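Worksheet: the structure to be examined is printed underneath.
The values are calculated or read from the model by the stated rules, or taken from the named source; none is laboratory data. As the structure is a prediction and not an experimental result, all values here were calculated from the model. Glycine gets a Cβ as well: all are built from the backbone with ideal geometry, and neighbour counts include every protein chain shown.
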Amino acid sequence: MNQYETEKRLCWVYSLLATLLGVSVICVAIPYNHWRETLDVCPGSWLENTNCGCIFYGVSTSQYFNGGRDPYCLYAIFAPLPILVYALVMAVFHMYRVCINNIGKYESEKSTTVEEIEGESIIVTSRARVAAQSDAVIFCWIPNASIAAVFALYNLLHAAIMTDGFLKTCHQYRGYLVRQLRATGDHATAIHFRLSCQSIFDFMDYIQRDAPNVRRGDFINSGIALQIALFTSWFAVFLWIVVSVYTSMRAYKEREVLTCCGN
């Protein structure tokens, strides 16, 4: 595979990464903004500054269902932004090289001509290739692979925290739902062990009230939004690994140029 095809694929992968991370940010920001006032009922005075309006790491108490600490949601929303910007910049960079400069497009293409010299036919084969010293991007394969590996770990931590917070809220709301519905026996067992987290968040969307005002606001599908955020975040982790492996393979292919002496 020539350099043109490599950069073309990287352009698509980086574009998909930027899209996935953007979707993840939006799908966390919407439920957080929707629930932050309703869930911010944790005990404490205004002097303690105990903001707990996060949809992640919710806690069931004897009176209300409290959200998690706001920094959890703020982290889930803002942590992907640096790597989103990086992915977007790299997508534009490779798009420019592929669509405008056509760098390395004819690297592996061969042309064959037949010349007749003194009655004998001679086959001449030529291949157009960008000179290694004229395209400095090949020296960036190893740094890019390293950066992608670091971002994969960074994104992995982000996805793991969101997943853990999502499951903790789901688990805590099961107990709160049993108390609210006064469920006993098989009803309580079904809520605890048979209903999916999507169903639990559906109950939350429709029966959770703004505790201080005892009212119900607009409805959203919190479960779908959060699960989309989790899926896109985990898929982004996989794509960062793909970028790291792919650029490492490209660096290995160019190992003769990347050595101190060349070839």
field: Hits in the stretch 23-48 (condition: modelled with pLDDT of 85 or more and hydroxyl-bearing (Ser, Thr, Tyr))
entry: 24, 32, 38
message: Out of everything in the stretch 78-102 that is among the β-branched types (Val, Ile, Thr) and surrounded by 19 or more Cβ atoms within 10 Å (Cβ to Cβ), what residue ends up being farthest from the chain's Cα centre (by Cα)?
response: 98
- prompt: Counting only residues that are crowded, with 18+ Cβ neighbours inside 10 Å and within 21 Å of residue 74 (Cβ to Cβ), how many does the stretch 144-174 have?
  reply: 10
Selection status of residue 91, assigned to a helix (DSSP H, G or I), small (Gly, Ala, Ser), modelled with pLDDT of 95 or more and at negative phi: no
statement: Going through the stretch 18-39 in order, the residues found to be surrounded by fewer than 18 Cβ atoms within 10 Å (Cβ to Cβ) and more than 30 Å from residue 238 (Cα to Cα) are 36, 37
task: Select from the stretch 169-199 the residues that are part of a helix (DSSP H, G or I) and hydrophobic (A, V, I, L, M, F, W, C) and list them in ascending order.
output: 170, 177, 178, 181, 188, 190, 191, 193, 197
